[in-house]
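> The structure that follows is given in the form of structure tokens.
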Amino acid sequence: MIKQYKLRFYNFKLVILLTAISLFGVQLVASASPDLRNKQLLGVVMGLVLLVILSLMDYSWILNFQWIMYGFNLLMLIGVRLFGSEAGGASRWLDIGGFRFQPTELSKIIIILFFAKFFMDHEDDINTFRVLAESVLLLAVPLALIYAQPDMKNTITVTIIFCILLYIAGLSYKIIGGAILIAVPLLIIFLSIVVQPDQTLIKDYQRTRIMSFLYPENEEYQEDIEQQNNSKTAIASGELVGKKLTGDDQVSSVNAGNFVAENQTDFIFAVAGEEYGFIGCTALVVLLLLISVECIRMSLRAKDLAGKIICCGIGSVVAIQSFLNICVATGLAPNTGTPLPFVSYGLTSLVSLFIGMGLVMNVGLQSSTYNKELKRKEIDKKEEYL
């Protein structure tokens with residue numbers, strides 16, 4: 001349902017931030033893999049068009065279809081299990097008419113929308129066992145399908161986002177404290193099991209990534225940490241302004257040397273460090289931070305709890321994925337394969353994030369200030385009619 005809004009309520013600052021970081025991403029993708037430049041640029045254009053359309057649609061009207069969205073989400077994830085194409089030992093993609101689509105990226109946005117409506121409907125009884133149990137069960141179904149792909153990183157990401165949504169919805173601090181007391185011992189037990197060579201909880205390649213991070217000095221894990229070591233070398237080689245701006249034509253550790261695989265996705269931050277140095281990396285971090293902060297700012301203007309949850313949820317996706325990607329590129333976390341939002345190559349991730357941002361902008365448009373002005377105009381019209 002398209003609504004008319006005044007331009008002065010439109011968040012042009014967020015549009016500028018998103019455009020700036022996306023175009024920066026196009027340049028970095030072109031540096032990493034020139035043949036992907038046009039595809040990434042197409043993704044940016046598609047994303048901006050969808051952002052504008054969704055920003056003018058009433059998110060409250062969209063949330064009326066929460067169960068349809070939930071069912072569609074399950075169908076997508078089941079489709080991956082039945083018909084998904086495999087790459088890198090995992091089936092996470094669907095090929096539709098020559099277009100490769102990763103449903104999990106859109107699934108994160110749908111899950112946020114679904115629980116925004118669910119938690120708003122249960123705003124008064126959110127801390128009851130029945131509502132919490134229902135929400136966990138509703139999350140468990142898509143989460144199990146994501147985990148089965150296997151996709152550990154997005155399983156963890158979605159779980160963290162769900163916890164954030166619960167907190168924003170008004171979860172009691174007593175329940176939060178109890179959950180932490182249970183979660184910490186379980187995490188310790190989980191880690192103590194997965195480090196064992198004969199464990200069956202996670203895949204062997206996932207265990208190897210964890211072990212190489214915990215024991216990087218062990219010779220058997222040298223090949224596994226080589227990517228991250230080369231990534232750190234690439235970032236350091238850019239120094240202050242990077243090789244692109246200084247015109248340094250020496251062989252680079254990321255692009256010309258091809259010493260880091262998937263530098264257009266997982267290690268795009270290394271490309272930024274090498275080509276644009278400390279200044280380029282700082283610019284990326286600041287842009288991502290400002291986008292996340294702007295989402296939080298929009299949540300403070302939301303007319304209802306659902307709008308607040310949508311803004312904080314989308315902002316959390318950007319913040320969490322940015323944190324994970326940069327930590328991996330700098331060796332502060334095990335390799336997860338998490339893309340850098342709006343920067344890494346991947347049309348599904350890019351367009352899905354723009355969809356989320358369009359909804360955030362609509363929440364901002366329907367702020368209390370705007371709604372008060374609409375009501376004032378309606379009253380004035382009635383008075384004129386009388």
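> Which residue out of LEU165, LEU132 is among the aliphatic types (A, V, I, L, M), crowded, with 19+ Cβ neighbours inside 10 Å and on the phi < 0 side of the Ramachandran plot?
It is LEU165.
The rows are residues; the columns are (1) aromatic (Phe, Trp, Tyr); (2) in contact with a strand residue (DSSP E or B) (Cβ under 8 Å, 6 or more places away or on another chain); (3) within 30 Å of GLN206 (Cα to Cα); (4) modelled with pLDDT under 90.
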residue	(1), (2), (3), (4)
PHE267	yes, no, yes, yes
LEU290	no, no, no, no
GLU294	no, no, no, no
PRO341	no, no, yes, no
LEU353	no, no, yes, no
GLN366	no, no, no, yes
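> So in segment 297-356, with the set limited to residues that are of a type in the set (D, E, K, R) and surrounded by fewer than 22 Cβ atoms within 10 Å (Cβ to Cβ), which one is farthest from LEU214 (Cα to Cα)?
LYS303
> State the number of residues belonging to segment 185-228 that are closer than 17 Å to MET152 by Cβ and of a type in the set (Gly, Ala, Ser).
1
> How many residues are of a type in the set (A, V, I, L, M, F, W, C) and touching a residue at least 40 places away in the same chain (Cβ under 8 Å) when one looks only at segment 190-213?
Total meeting the criteria: 3.
> On to the next question. Could you check segment 52-61 and list, in sequence order, the residues that are hydrophobic (A, V, I, L, M, F, W, C) and surrounded by 19 or more Cβ atoms within 10 Å (Cβ to Cβ)?
LEU54
> Does segment 36-85 hold any residues that are polar (S, T, N, Q) and within 19 Å of ASN362 (Cα to Cα), and which are they?
SER55, SER60, ASN64, GLN66
> May I pose another question? If we scan segment 317-334, do we find a residue that is in contact (Cβ under 8 Å) with a residue 60 or more places away in the chain, in contact with a Leu (Cβ under 9 Å, 6 or more places away or on another chain) and not in a helix (DSSP H, G or I)?
Yes, because at least one residue in segment 317-334 is in contact (Cβ under 8 Å) with a residue 60 or more places away in the chain, in contact with a Leu (Cβ under 9 Å, 6 or more places away or on another chain) and not in a helix (DSSP H, G or I).
> In the list THR155, THR159, THR104, which residue meets the criterion of being touching a Lys or Arg at 6+ places or on another chain (Cβ under 8 Å), of a type in the set (S, T, N, Q) and in a helix (DSSP H, G or I)?
THR104
> Among the candidates ARG37, ARG81, ARG92, ARG100, which residue alone is basic (Lys, Arg) and surrounded by fewer than 13 Cβ atoms within 10 Å (Cβ to Cβ)?
From the options ARG37, ARG81, ARG92, ARG100, the qualifying one is ARG81.
The values are calculated or read from the model by the stated rules, or taken from the named source; none is laboratory data. Predicted model only: the values in this text are computed from it and were never measured. All Cβ positions, glycine included, derive from the backbone under ideal geometry; neighbour counts span all protein chains shown.
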